[in-house]
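Please read the structure below before turning to the comments.
Only the coordinates and a few stated rules stand behind these numbers; no lab work does. Given the structure is predicted, the values throughout are model-derived calculations rather than measurements. Using ideal geometry, Cβ is built from the backbone for each residue, glycine included, and neighbour counts are taken over all protein chains shown.
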């Protein structure tokens with residue numbers, strides 16, 4: 001029987017053939033990223049096509065999030081300092097990848113929402129283009145311990161909308177659970193910001209956990225978490241430094257992608273000029289189906 005690598009390579013042939021006939025899309029797409037589209041879209045070719053097109057279309061309409069992404073810049077360094085974005089090293093028995101995202105500094109005057117989302121997507125791109133071990137699903141954990149009501153005033157609604165569309169519709173992952181831990185009493189006010197942009201399927205995945213509770217461990221084994229959370233995955237600082245080094249090592253790629261990963265609307269085939277594509281460029285509040293099973 002052919003191994004999985006051979007199967008993936010064979011399955012990528014029609015995707016690459018289709019891409020070669022799409023002059024508006026980038027052509028220098030890493031195989032590992034194409035494999036992620038292949039698996040996250042349930043190996044459905046039409047779904048793969050739509051998702052790839054959407055992935056690059058949204059990136060082209062959000063230069064504030066996908067351009068000027070120098071990991072050595074002062075703006076990105078600040079995000080590294082005041083946030084912890086931690087893909088954890090070990091996966092669940094279901095082969096799900098677990099993440100923790102948190103503010104490590106309660107001084108929100110230091111926090112820039114757009115820069116934080118940009119850095120979040122830099123971390124995502126590092127994973128999407130370099131990690132060959134593709135998980136069966138993903139579980140983000142948002143630690144809101146340092147999030148005050150002042151956070152609402154820091155949110156850029158245009159950027160939030162683009163973030164929600166991109167992460168729910170275009171990024172090639174399978175979302176399995178979403179956890180908000182150390183949720184304060186006013187979390188509903190912050191959640192209300194996101195709710196208009198949430199697909200109902202995603203909203204059903206979100207669980208809130210009160211401070212000092214252990215309800216998270218019913219879904220995520222505690223040993224997968226960092227030492228600071230009672231786990232065995234290493235310290236927050238160790239995990240964070242590892243990923244910052246990975247992002248910094250990809251600096252030339254990020255700078256090149258300011259220009260390379262863009263949609264050329266002037267040469268988009270007429271068959272792609274459908275209502276869906278036009279609406280995507282306007283980033284509406286409606287979404288197509290999402291792989292959540």
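Which distance in nm do the two modelled labels at residue 67 and residue 186 give, with both placed 7 Å along the Cα-to-Cβ direction?
According to this spin-label approximation, the distance is 3.6 nm.
What is the calculated FRET efficiency for residue 267 to residue 11, with r their C-beta to C-beta distance and R₀ = 25 Å, to the nearest 0.05?
Working: r = 27 Å, r/R0 = 1.07.
My answer for the efficiency is 0.40.
How much of the DSSP beta bridge set in the chain is antiparallel, as a percent to the nearest 5? All intermediate terms of the calculation are to be shown ahead of the outcome.
Numbers: 5 of 19 bridges.
For the chain, the DSSP antiparallel bridge percentage is about 25.
Once you place label points 7 Å from the Cα toward the Cβ at residue 129 and residue 194, how far apart are they in nm?
The answer from the label model is 2.6 nm.
Suppose a student asked you for the relative contact order of region 98-167, using Cα pairs under 8 Å spaced at least 6 residues apart; what percent would you report?
On the way: 42 pairs, mean separation 41.8, N = 70.
It rounds to 60 percent for region 98-167.
Once you have the Cα-Cα distance between residue 90 and residue 150, take 0.36 nm times their residue separation minus that, and quote the gain in nm to one decimal. The partial results should precede the final answer.
Details: separation 60, 0.36 × 60 = 21.60 nm, distance 3.40 nm.
Separation in residues times 0.36 nm, less the Cα-Cα distance, equals 18.2 nm.
Would you calculate a helix-derived [θ] at 222 nm for the chain, using -39,500 (n - 2.57) for each DSSP H run of n ≥ 4 and dividing by the full residue count, to the nearest 500? Walk me through the intermediate numbers first.
Working: 13 runs with 132 residues, N = 293.
After summing the helix terms and dividing by residue count, I get -13500 deg cm²/dmol.
Test of understanding: what is the full-extension gain from residue 45 to residue 256, defined as 0.36 nm times their sequence separation minus their Cα-Cα distance?
Values: separation 211, 0.36 × 211 = 75.96 nm, distance 2.88 nm.
Extending this stretch completely gives an extra 73.1 nm.
Work out the FRET efficiency for residue 223 and residue 107 from their Cβ-Cβ distance, taking R0 = 25 Å, and round it to the nearest 0.05. Please list the in-between numbers first.
Numbers: r = 32 Å, r/R0 = 1.29.
For residue 223 and residue 107, the calculated efficiency is 0.20.
Shape call for region 1-120 from the C-alpha gyration tensor, a ≥ b ≥ c root eigenvalues: rounded (a/c under 1.5), prolate (a/b greater than b/c) or oblate? Kindly include the intermediate steps, with their values, before the conclusion.
Details: a/c = 2.96, a/b = 1.60, b/c = 1.86.
Note, shape of region 1-120 comes out oblate.
Using Cα pairs closer than 8 Å and at least 6 residues apart in sequence, work out the relative contact order for region 1-152, in percent.
Numbers: 144 pairs, mean separation 34.1, N = 152.
In percent, rounded to a whole number, it is 22.
How would you rank 85, 45, going from fewest to most other Cβ atoms within 10 Å of each one's own Cβ? Display every interim value, and only then the final one.
Details: 85 21, 45 13.
Placing the least packed residue first, the sequence is 45, 85.
Can you give me the distance in nm between label points at residue 201 and residue 246, each placed 7 Å from the Cα along the Cα-to-Cβ direction?
Between residue 201 and residue 246, the simple spin-label model gives 2.6 nm.
Considering only C-alpha atoms, what is the centroid distance from region 110-168 to region 197-262, in Å?
Distance between centres, Cα-based: 9 Å.
Can you tell me the Rg and the Dmax, both Å, for the Cα atoms in the chain?
19.0, 58
Which whole-number percent is the relative contact order of region 74-251 (Cα, under 8 Å, 6+ apart)? Please report the intermediate quantities before stating the final value.
Numbers: 245 pairs, mean separation 42.5, N = 178.
Reported relative contact order: 24 percent.
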